Amino acid sequence: MMSRVPTWFVVLIGLLFNILAALISHFFIDAKTNQLNSLSMQMSNNDKEIGLLWEQIEGIERKREIFYLLVNQGEINKTVASQFVLLLEKHLHQKVRVDDIQVVDNQIDLYQEAIRNEIDSKFFLNLELVELQMHLRSEVSTLRNWSIFLQMIGLSLILARDLSRKHHD
């Protein structure tokens, strides 16, 4: 069968397979690898933000504890109370009245709940990104396998030329 097909045609097909394998590697695999790197950076940023959000929850909890300590000491000094109100308002992003413990408690609870919801959304986003990463890795693996397969076929066809020459000599 090889004797009917011109050798130059077999070599040309082999070269085309090798070129196709190189194009797959260069364009498709590199693009997916860049996507994977981008996903990893996004997941890392989300993890850092989750850590910072937990620190906010802990920080406001410390302020709640200080508030309880101040209230348990009796009447709060006006200067201390006004400074503490400013501190709480900066964190809670709303007006605070330190004369009502229950209202301050509710404000802190709502603030912490909002942060926990943000943490949850970032966590679930990271889970989705992990699934997407796994899918992209699978695609990269498949593309690499096809690329290697095409290279092997291409090289085999090119080597067939040498074998054809040896056979005719």
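The values are calculated or read from the model by the stated rules, or taken from the named source; none is laboratory data. Small disclaimer: the values here were computed from a predicted structure and weren't measured. Don't worry about glycine lacking a Cβ; one is built from the backbone with ideal geometry, like all the others, and counts go over all protein chains shown. Surface areas here come from the heavy atoms of the whole protein model, side chains and all, with no ligands, DNA or RNA. Shrake-Rupley method; radii C 1.70, N 1.55, O 1.52, S 1.80 Å.
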For this session: Would you mind calculating the gained length between Glu75 and Lys90 on full extension (0.36 nm times residue separation, minus the Cα-Cα distance), in nm to one decimal?
Result: 3.1 nm
For this session: Determine the calculated [θ] at 222 nm for the chain from helices alone, applying -39500 (n - 2.57) to every DSSP H run no shorter than 4 residues and normalising by the residue count; nearest 500 deg cm²/dmol.
Result: -31000 deg cm²/dmol
Problem set entry | Calculated FRET efficiency for the pair Asn34/Trp54, C-beta based, R₀ 35 Å, to 0.05 | 0.70
Seminar exercise, completed: Kirkwood Rh for segment 85-150 from C-alpha pairs, in Å, is 15.7
For this session: Please identify, among Leu69, Leu20, Leu36, the residue showing maximal mean-square fluctuation in a Gaussian network model of the chain using a 10 angstrom Cα cutoff.
Result: Leu69
Exercise. How large, in percent, is the carbon and sulfur part of the accessible surface of the chain at a probe radius of 1.4 Å?
Worked result: 61
Exercise. Considering the dipole of segment 66-145 built from charges on the beta carbon (Lys and Arg +1, Asp and Glu -1) around the Cα centre, which of Asn106, Leu136, Asn117 is farthest to its positive end?
Worked result: Leu136
Seminar exercise, completed: Given the candidates Asn45, Ser147, Ile66, the one whose Cα lies deepest towards the positive end of the charge dipole of the chain, counting +1 at each Lys or Arg C-beta and -1 at each Asp or Glu C-beta, is Ser147
Problem set entry | Under 20 Å from the Asp99 label point (7 Å along Cα→beta-carbon), backbone N, segment 37-74 | 67-74
Exercise. How much accessible area per residue does the chain have, in Å², with a 1.4 Å probe?
Worked result: 70
Exercise. So which trypsin sites (Lys or Arg not before Pro) in segment 54-111 are both in a DSSP loop and have at most 12 other Cβ atoms within 10 Å of their Cβ?
Worked result: Lys95, Arg97
Seminar exercise, completed: Dipole check, the chain, charges on Cβ (K,R +1; D,E -1), about Cα centroid: among Thr33, Val10, Ser82 the Cα furthest to the positive pole belongs to Val10
For this session: May I ask for the net charge around Leu88, where only other residues with Cβ less than 14 Å from the Cβ of Leu88 are counted and Lys, Arg are +1 while Asp, Glu are -1?
Result: -1
Problem set entry | Over the chain, relative contact order from alpha-carbon pairs under 8 Å, at least 6 apart, % | 56
For this session: Please report, in debye to the nearest 20, how large the charge dipole of the chain is about its Cα centre when each Lys and Arg carries +1 at its beta carbon and each Asp and Glu carries -1 there.
Result: 1180
Exercise. Hey, what's the Cα Rg ratio for segment 47-86 versus the globular rule of thumb, 2.2 N^0.38 Å?
Worked result: 1.50
For this session: Express the Stokes-Einstein translational diffusion coefficient of the chain in µm² s⁻¹, to the nearest whole number, given a Kirkwood radius over alpha-carbon pairs, 4 °C and a viscosity of 1.567 mPa s.
Result: 59
For this session: Only Lys, Arg, Asp and Glu count, each charged at its Cβ (+1, +1, -1, -1), so figure out the dipole size of segment 77-169 about its Cα centre, rounded to 20 debye.
Result: 620
Exercise. Ranked highest first by the average count of other Cβ atoms within 10 Å around their residues, in what order do 144-155, 43-54 fall?
Worked result: 144-155, 43-54
